[in-house]
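J.: I'd like to ask some things about the structure below.
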Amino acid sequence: METKFDMNEWGRIKEKLKNKYPELTDADMYWGRVSGEDLIQMISSKLGKTKKELMDEIGSLEYTS
């Protein structure tokens, strides 16, 4: 499964995810030396979601203000 966003969009997405899931830390959300796929996998594992569930949620977050 491919990530549908880039690093520019990630700033908005991560803030929305952190608001919805306060257990996510800045370290969890840091897109540094890992691929977008690895980042999504790590976050989905922490939240107890599948990668697809998280990507669907991110897709819906992108369309909310």
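J.: Does residue 44 qualify as being of a type outside the set (Val, Ile, Thr) and in contact with a Leu (Cβ under 6 Å, 6 or more places away or on another chain)? Spell out how you get there, then give the answer.
T.: Working: of a type outside the set (Val, Ile, Thr): yes; in contact with a Leu (Cβ under 6 Å, 6 or more places away or on another chain): yes.
So residue 44 passes the test.
J.: Let me ask something additional. Go through 64, 50 for me and flag whichever is modelled with pLDDT of 90 or more, of a type in the set (Val, Ile, Thr) and loosely packed, with under 15 Cβ neighbours inside 10 Å.
T.: Details: 64 fails: modelled with pLDDT of 90 or more.
Answer to the selection: 50.
J.: Consider region 1-47. How many of its residues are among the acidic types (Asp, Glu), surrounded by 15 or more Cβ atoms within 10 Å (Cβ to Cβ) and not in a helix (DSSP H, G or I)? Explain how you work it out, then say what you get.
T.: Filtering region 1-47 for residues among the acidic types (Asp, Glu) gives 2, 6, 9, 15, 23, 26, 28, 37-38.
From what's left, surrounded by 15 or more Cβ atoms within 10 Å (Cβ to Cβ): 28.
Still in the running and not in a helix (DSSP H, G or I): none.
Counting residues in region 1-47 that are among the acidic types (Asp, Glu), surrounded by 15 or more Cβ atoms within 10 Å (Cβ to Cβ) and not in a helix (DSSP H, G or I) gives 0.
J.: Could you give me the residue pairs with C-beta distances under 7 Å whose first residue belongs to region 3-25 and is more than 10 Å from residue 61 (Cβ to Cβ), whose second residue is of a type outside the set (A, V, I, L, M) and in a loop (DSSP other than H, G, I, E, B) wherever it lies, and which are 6+ apart or on separate chains?
T.: Listed pairs, sorted by first residue: 7/31; 10/31.
J.: Restricting attention to region 14-27, which residues are out of contact with any Leu (no Cβ under 9 Å at 6 or more places or on another chain) and acidic (Asp, Glu)? Step through it out loud before you land on a result.
T.: First pass over region 14-27, keeping only residues out of contact with any Leu (no Cβ under 9 Å at 6 or more places or on another chain): 15, 19, 22, 25-27.
Correct list: 15, 26.
The values are calculated or read from the model by the stated rules, or taken from the named source; none is laboratory data. The shown structure was predicted, so the numbers you read here are calculated from the model rather than taken from an experiment. Heads up, the Cβs are rebuilt from the backbone with ideal geometry, glycines too, and the neighbour counts pull from every protein chain shown.
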